Every structure is written in C-alpha cells, then in structure tokens.
Amino acid sequence: MKKWKPPKNPKALNIGFQDFHMQRSFPTFQLIKDDYIYWIGELQPTPTSENYKIKVVYHPYRPKVFVLEPEILSFAPHRYGDQSLCLYYPNDKSFDGESIIAHTLIPWTSEWLYFYEAWLEEGVWWGKEAPHSPS
C-alpha cells in the first residue's frame, strides 16, 4: 500500500490542520477564536534568552507575527509599520497557503528573536536580508 501524500497543489491549509501541527510542535501555543483567529504562545530562542510572548494572527496566505512581551524596541529592524515581524521576503514565495505555520513561521520567529538579541548586544543584524523598497 502506498504511503499517503498530500496533493501537490492543495488549496490553502485550513485552520484545523494548522492548529494540529501547532499543537504537536509547540504545545504552549493556544488557538484563540475571537474577532479573528490567532495563537498565543511563548518562545525562548536560546537557553539564556528571555521567554517571549508571541501572537500569530492567522491568515492562510499572509499570517502576521507580533511580540507581545517583553516589548521590542520601537526602532528594531525587520518589522512592518504595524510592528509585526518581517520574517521572510514575500516575493520569494517562501510562505504560501501550502505552508505549515508551525514548521515555518514559528522557527523563523525564534530565529528573528535570536538575531534581535544579537542586534541589541552588537548593533548588527546578522540574519539574512532581502531587498526592501524605500518607504
């Protein structure tokens, strides 16, 4: 019998599927359904890092990630105007409706936090950067 594989071009992954993977990989993240759908959870990028309270606002194609606590410096790099984290370059299609949030955005968020802590100490952003148009 052949092992089941998801179809190559499925429609956007639904919230139930996303939450299943979130709970398996990051059980501290809790799904909340309010005016919109989001997860709240904690990440600690390294054993010596602080615990960061994270909010992931669900959207099948462009979810947003916010750091709720501790407060991130307002002039920290790689954030959008709404203070959500810039975790990937949208034009390279590294995240799309077929991406599993727990396998992409959460690890990318932890990596962002790691580089943020290094930036606080050294004043240099050591993570990858993509071209940005002037705002």
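Bear in mind these aren't lab numbers, they're just calculated from the coordinates by the rules spelled out. Computed from a predicted model, the values in this text were never measured in an experiment. Glycine also receives a Cβ, built like all others from the backbone with ideal geometry; neighbour counts cover every protein chain displayed.
Here the Karplus curve 6.51 cos²θ - 1.76 cosθ + 1.60, taken at θ = phi - 60°, turns the phi angles of the stretch 39-51 into couplings of 10, 10, x, 10, 10, 10, x, 9, x, 9, 7, 6, 7 Hz, with x standing for Gly and Pro.
In this simple spin-label approximation, ILE32 and ASN51 carry label points 7 Å from Cα along the Cα→Cβ vector, and these lie 1.6 nm apart. With no solvent and one equal point scatterer per Cα, compute the Debye intensity ratio I(q)/I(0) for the chain at 0.12, 0.14, 0.20 Å⁻¹ and report its log10, rounded to two decimals. Computed log10 I(q)/I(0) values: -0.51, -0.68, -1.29. Averaging the sequence gap over all C-alpha pairs within less than 8 Å and six or more residues apart, then dividing by the number of residues, gives the stretch 15-122 a relative contact order of 21 percent. Close amide H partners of ILE37, meaning residues 5 or more places away or on another chain with modelled amide H under 5 Å apart, are TYR58. Between TYR61 and GLU129, the FRET efficiency estimated from the beta carbon spacing at R0 = 22 angstrom works out to 0.45. Estimated purely from DSSP H runs of n ≥ 4, each contributing -39500 (n - 2.57), the mean residue ellipticity at 222 nm for the chain is -7000 deg cm²/dmol once divided by its residues. The angle separating the long axis of helix 105-122 from the principal Cα axis of greatest extent in the chain is about 10 degrees. Spatially close Lys pairs in the chain, defined by Cα atoms under 17 Å apart and a spacing of eight or more places or different chains, total 8.
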